[in-house]
């Protein structure tokens, strides 16, 4: 069971998963993001990856699907502060070319608020 919290900064929802985002935890992350997008209460979603120590292909699939769903709904989605290992996976897999990756959560919130 993973630990995923949500906080709001204005009308931007910040999703904060903690730990390993693997085949067990990734569906929970998908459910959280789906719920936020379904509610349509946030104009943007930031996935704060600062506390994610591991991300596998399932996690990447969840993020890409969430990004596409958000885009189709006209909602911005960005990731922020990935740890070095997670960021390296994003670069190797090309995810950083699809989903905007911000250095800081504040930067991601500002980008979505602008």
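Regarding residue 5, is this residue exposed (fewer than 13 other Cβ atoms within 10 Å of the Cβ), out of contact with any helix residue (DSSP H, G or I) (no Cβ under 7 Å at 6 or more places or on another chain) and modelled with pLDDT of 95 or more?
Criteria met by residue 5.
Which residue out of 86, 64 is closer than 18 Å to residue 20 by Cα, part of a helix (DSSP H, G or I) and in contact with a strand residue (DSSP E or B) (Cβ under 6 Å, 6 or more places away or on another chain)?
86
Would you check which residues across the range 45-88 are under 10 Å from the mean Cα position of the chain (by Cα) and more than 20 Å from residue 110 (Cβ to Cβ) and list them?
59, 60, 62, 63, 64, 66, listed by residue number.
Of everything in the range 12-29, what is more than 12 Å from residue 59 (Cα to Cα) and either in contact with a helix residue (DSSP H, G or I) (Cβ under 7 Å, 6 or more places away or on another chain) or touching a residue at least 60 places away in the same chain (Cβ under 8 Å) (or both)? Give them in sequence order.
Listed by number, the residues that qualify are 12, 13, 14, 15.
The values are calculated or read from the model by the stated rules, or taken from the named source; none is laboratory data. In this text, all values refer to a predicted model and were calculated from it rather than measured experimentally. For neighbour counting, all protein chains shown are included, and Cβ atoms are generated from backbone atoms with ideal geometry for every residue, glycine included.
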